[in-house]
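One structure below.
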Amino acid sequence: MTTHSSHSKRTPNRHVPRYAVALLAACAIFAAACGSSKSAAPGTAAPTGTPAPTGTPAPTGTAAPTGTAAPTGTAAAPTGAPLNVMTVTTLNAAGPTYQNIANTAKAYEKYINARGGIAGRPLNVTVCDEQFDPAVATTCARQAVEGKMVSVVGSFTFFAESIVPVIAQSKITWFGECCPITPSELTSPDSFPVGNQPMYAVGAVAQAVKDGCKAINAVIIDGAQIFIPPMENAMKALGMKFGAEVILPPTSQDYSAEVAQATGGGADCVVAVISETPYTTWNTAWKQSGTKARQYGPQGNLNEVSAKGAEAATNGDIIAGMYPDISTAPWAEYRKALSEAGLDTTKLDYNSLGGMGTWAAFVAFTQIAEGIKGDITAASFYDAATATSKLDLKGMVPVLDFTKEWTDGLKGYQRLFNRSVVFSKLENGKVVPLTTDFQDVSNLAMGKAP
């Protein structure tokens with residue numbers, strides 16, 4: 001049974017193409033997980049189409065400056081021509097913004113340059129703010145080409161379709177994205193995602209069944225219906241079926257009715273695909289309902305922010321994610337880099353798909369670039385990435401093989417190299433790691449036995 005809730009539709013931005021409007025709510029499930037905020041941070045404004053370094057206004061045509069931190073230990077200062085890369089995301093827009101992606105990219109630049117750079121050369125990161133406008137996104141792409149960027153690294157935007165085909169003509173890779181959602185990101189040979197979509201929802205289903213849930217309902221925020229088929233496939237493969245599938249209005253301020261639907265029929269567990277801001281409202285209604293059901297939700301969305309005020313009601317809830325918790329060993333250097341950059345981790349969520357995903361992307365870029373013999377260019381990096389069969393990020397994600405596409409998997413997802421999940425849980429309102437071993441859910445996503 002599928003339960004649909006009526007709600008009003010907001011008028012979309014006139015610049016947003018139809019496919020992006022359809023994806024907007026779907027992207028919202030990791031928009032907050034990427035550490036989004038509703039308004040851009042002060043000082044980040046840039047003229048249309050002009051890359052702006054994080055927290056610093058940039059004049060038109062000026063690339064973000066190379067980090068100048070002094071090398072530590074015995075590392076020699078990087079020399080020679082910088083390796084120019086770009087990170088694209090939304091900083092100045094009326095909707096979701098991703099300051100933590102920009103901050104992480106610049107923190108990595110500072111961190112690696114203080115340790116000798118990449119192959120002895122300084123890294124120069126340009127952050128391009130696409131302002132939630134596909135036309136500006138295309139301008140970012142053109143600037144990447146004109147600036148002879150080696151790669152576009154660790155980005156998230158709703159408008160990858162405005163970027164990937166443009167940069168691909170110059171063999172510039174769309175590299176390391178946390179959250180591939182568009183056809184180009186999931187099918188183009190120029191796309192090298194490190195994260196995955198929608199595998200964590202499949203993982204949530206698997207964990208719920210493993211935990212002994214007998215009556216499972218699903219809640220999916222409107223616009224994220226692309227998650228439903230693989231979730232249903234997983235349930236079928238595990239010999240179960242959702243009792244109800246509640247489509248959640250993304251703009252509702254009172255979810256009491258939807259909580260009643262989601263917990264109806266004797267449900268003992270609810271698998272939810274909800275973004276952080278609606279999750280906060282949802283958890284208020286969840287608390288008021290008095291339900292004893294357990295929630296299974298997405299990393300960065302079912303978190304300390306959305307659980308605030310409902311700590312007891314969410315205690316023991318399970319979080320399915322792409323990356324191990326930021327407190328674990330794989331992220332030691334990330335935590336150090338954030339500290340060295342002077343970033344306030346209480347202001348933005350870096351324990352998120354955007355934060356950790358961007359860091360993982362840059363670590364992966366460095367690993368591949370340093371293995372290149374000869375000059376590091378867009379073309380040589382493309383060749384090296386394409387030939388990478390064992391990308392080992394030391395536990396940030398599983399070891400990835402970019403030489404083998406998922407051709408026997410979900411149609412249209414062949415560039416999804418990472419199809420594994422890990423779990424955390426809420427304990428008295430705090431996120432704590434539950435697992436660090438990656439669980440491959442490829443077969444479950446296709447409706448096959450694990």
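The values are calculated or read from the model by the stated rules, or taken from the named source; none is laboratory data. Predicted model only: the values in this text are computed from it and were never measured. We place every Cβ from the backbone using ideal geometry, glycine too, and count neighbours over all the protein chains shown.
A few points about this structure:
- Of the helices (runs of 4 or more DSSP H) lying entirely inside the range 331-386, those carrying at least 2 residues that are polar (S, T, N, Q) are 353-369, 378-386.
- Residue within the range 314-330 that is under 16 Å from the mean Cα position of the chain (by Cα), under 30 Å from Y111 (Cα atoms) and part of a helix (DSSP H, G or I) present: no
- Restricting the range 358-386 to residues that are touching a helix residue (DSSP H, G or I) at 6+ places or on another chain (Cβ under 8 Å) and within 24 Å of S306 (Cβ to Cβ), the residue that is surrounded by the fewest Cβ atoms within 10 Å (Cβ to Cβ) is W359.
- Which numbered condition T358 fails, given (1) among the β-branched types (V, I, T); (2) within 21 Å of T97 (Cα to Cα); (3) out of contact with any Phe, Trp or Tyr (no Cβ under 9 Å at 6 or more places or on another chain); (4) touching a residue at least 60 places away in the same chain (Cβ under 8 Å): (3)
- Identity of the residue in the range 272-292, more than 15 Å from Q253 (Cβ to Cβ) and assigned to a helix (DSSP H, G or I), that ends up farthest from the chain's Cα centre (by Cα): S289
- Among the candidates S306, S289, the residue that is of a type in the set (S, T, Y) and surrounded by fewer than 24 Cβ atoms within 10 Å (Cβ to Cβ) is uniquely S289.
- Selected residue (only one of A310, A293, A320, A337 is touching a helix residue (DSSP H, G or I) at 6+ places or on another chain (Cβ under 6 Å) and closer than 25 Å to V202 by Cβ): A320
- Boolean, A267 is at negative phi and crowded, with 17+ Cβ neighbours inside 10 Å: yes
- Unique residue being out of contact with any strand residue (DSSP E or B) (no Cβ under 7 Å at 6 or more places or on another chain), in the same structural domain as T173 (by TED's automatic domain parsing) and modelled with pLDDT of 95 or more when the list is I372, I376: I372
- Residue list for the range 211-230, restricted to those being at pLDDT 90 or above and among the small types (G, A, S): G212, A215, A218
- Members of the range 107-117 found to be on the phi < 0 side of the Ramachandran plot, surrounded by fewer than 24 Cβ atoms within 10 Å (Cβ to Cβ) and either touching a Pro at 6+ places or on another chain (Cβ under 7 Å) or not in a helix (DSSP H, G or I) (or both), listed by number: A114, R115
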